[in-house]
Amino acid sequence: MDCVLLFNKCYKCFRPVKSCYCKDITPIDTGIKFVLLMHPKEAFKQKTGTGRLTALSLIDSEIIIGTDFTRHKRVNALISGVGEFAQYYPVLLFPSKDACFADTPSLRQAIGSKKLMVLLVDATWFLAQKMLKFSKNLMHLPKLSFKNEYRSQFHIKLQPDPSYLSTIESTCYLINELKTAGIARSDADPAGLMSVFQKMVTFQQRCTQMRHEEEAIALHPELFD
Ligand SMILES: [Zn+2]
């Protein structure tokens, strides 16, 4: 489906039309369900928000916007393990002492014949901490963390630590670890996620450079004659 354009914004990814990447996205089937718990501030962020690109790139995914999910109907249904949701084994992507890794044998056993459902928080580091503090129902979930250490390849986000990854990077690395562990589908290639992200970063860097050039010309026009 083509992007629906609304006020020069792509209605699908909520980005300005000139930086819409919908045409570059090829959704992949990972065999895992992803639930992105998105902070409202992230929801309409155009420049650096990667949550929507992530969700558009993954076949079985959904975005839920909020801050405190304790009484959130959809979230509670998803993690209830009842009825149509009995097919899922929900985990929260969260680094903690009691978190397991993709290759922890007990994780595989716990998943059994179910489908893994990864809930992840899409917000800045500071807001993510707050959201999880509020959402008591999420903190009771089994936790999954990265086995390897990653550093964000790009520095367009203001984060306290370069090891804080953007949502699209986190998802990509996690899929790779789950693939190695034999949990994600072996034919799921998350490289597309990174290439869309790289396009976004390149565009962003170009914008910053252009802005700097414009500022420089305004300050010292004689240098640009
Ligand atoms: Zn778009």
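Within segment 7-22, which residues are more than 8 Å from the ligand (Cβ to nearest atom) and of a type in the set (Lys, Arg)? Lys9, Lys18 - these are the residues of segment 7-22 that are more than 8 Å from the ligand (Cβ to nearest atom) and of a type in the set (Lys, Arg).
Scoring Ile59 on the criteria (1) in contact (Cβ under 8 Å) with a residue 24 or more places away in the chain; (2) more than 22 Å from Glu177 (Cβ to Cβ) leaves a single failure, condition (2). Tally time: how many residues in segment 66-115 are over 20 Å from Leu36 (Cα atoms), loosely packed, with under 14 Cβ neighbours inside 10 Å and touching a Phe, Trp or Tyr at 6+ places or on another chain (Cβ under 8 Å)? Qualifying residue count for the region: 1. Considering segment 49-75, the residues that are in contact with a helix residue (DSSP H, G or I) (Cβ under 6 Å, 6 or more places away or on another chain) and part of a helix (DSSP H, G or I) include one that is nearest to Tyr164 (Cα to Cα), namely Gly51.
Values quoted throughout were computed directly from the atomic coordinates according to the rules given, and no laboratory measurement underlies them. Note that this is a predicted model, so its numbers are computed, not measured. A quick note on method: Cβ atoms are made from the backbone with ideal geometry, for glycine too, and the neighbour counts reach across all protein chains shown.
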